[in-house]
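The values are calculated or read from the model by the stated rules, or taken from the named source; none is laboratory data. Because the structure is predicted, anything quoted here is derived from the model rather than measured. Using ideal geometry, Cβ is built from the backbone for each residue, glycine included, and neighbour counts are taken over all protein chains shown. Calculation scope for accessible area: heavy atoms of the full protein, side chains included, ligands and nucleic acids excluded. Shrake-Rupley method; radii C 1.70, N 1.55, O 1.52, S 1.80 Å.
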Amino acid sequence: KFMAYILLKAAKLLNKIPKRQFCSMVILAAGSSVRMGTDKLTADINGRPAIAWTLATMQDCSVIDEIVIVARHDRLDEMSKICKKYGIEKATKVVAGGKTRIESAWLGVNAVSERARYTGIHDGARPLASVDLVKSVIELAKKTGAAVAAIPESDTVRRAELGVLTEQIDRRGIFKIQTPQVFASEIVRAAIFAALEKGDDFTDDSAAVQAMGMNVHIAPGSAKNIKLTTAEDLDIARALLGGRLC
């Protein structure tokens, strides 16, 4: 009943709010970079730290009004300095993250402005999302209440057991989910709260929203919108950015 009430309230809110709706973007930058072996968020990409590229895109997106950064406790001051150095004027807060991704998302969505009708969540380690991509996800969320960037799977997908390939999976209708993911603020707060209450550790915020019974709509993502996970990803990001320097 509580979830149904939240969804009904959010739906009514969508119909009442004015055309220019305040949108906050939460940047998750509290990871430990274990697989990278070094801090991927401050790794150099063409003359500036990776996170600075991520933040610059959000700064340049005209439909984003506020940026909230969720960082590790020992990186709060460093993130604030990066914002100042690279002119990230929309950044209003840098808050400490939690032990898990969903805990960090919860801390982030609760730190946004009370004016935020829509709240987006984006991986700080995705520095190549374009302004157009981000804007398209936000605009779709404003029409539907929940939207994510995603790309259709193009590779052959197979199951395996004990290192041996088994059956092939039909890739039709299979999508790779990316960020940003944008939702009506009341919906994403209720969804993440419910996930925490149940002990669900979703690696994807849209899954928490879906668990409430709400449809999540797909906006076109990009193969370039990679998430920095390995050292090789840094080389790919440098190449994709090409001549773009700090």
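Scanning segment 148-163 for residues that are more than 27 Å from LYS135 (Cα to Cα) and in contact (Cβ under 8 Å) with a residue 12 or more places away in the chain yields a count of 3. The condition (being without any contact (Cβ under 8 Å) to a residue 40 or more places away in the chain and either hydroxyl-bearing (Ser, Thr, Tyr) or in contact with a Ser or Thr (Cβ under 6 Å, 6 or more places away or on another chain) (or both)) is satisfied by just one residue among THR166, THR179, THR203: THR166.
Output the residues belonging to segment 113-128 that are assigned to a loop (DSSP other than H, G, I, E, B) and more than 12 Å from VAL182 (Cβ to Cβ). Result: SER113, GLU114, ARG115, GLY124, ALA125, ARG126, PRO127, LEU128.
Apart from one condition, ILE151 fits all of (1) of a type in the set (A, V, I, L, M, F, W, C); (2) outside any strand (DSSP E or B); (3) open to solvent by 10 Å² or more (accessible area, probe 1.4 Å); the exception is (2). For segment 56-75, the criterion of being under 21 Å from THR203 (Cβ atoms) and surrounded by fewer than 16 Cβ atoms within 10 Å (Cβ to Cβ) is satisfied by no residue at all. Scanning segment 195-227 for residues that are among the hydrophobic types (A, V, I, L, M, F, W, C) and open to solvent by less than 10 Å² (accessible area, probe 1.4 Å) gives ALA195, ALA208, VAL209, ALA219. Taking the numbered list (1) within 20 Å of ALA146 (Cβ to Cβ); (2) of a type in the set (Ser, Thr, Tyr); (3) out of contact with any helix residue (DSSP H, G or I) (no Cβ under 9 Å at 6 or more places or on another chain) in turn, SER80 passes all entries but (1). Consider segment 228-246 and keep the residues that are surrounded by 13 or more Cβ atoms within 10 Å (Cβ to Cβ) and under 11 Å from ALA43 (Cβ atoms). The one that is modelled with the lowest pLDDT is ALA231.
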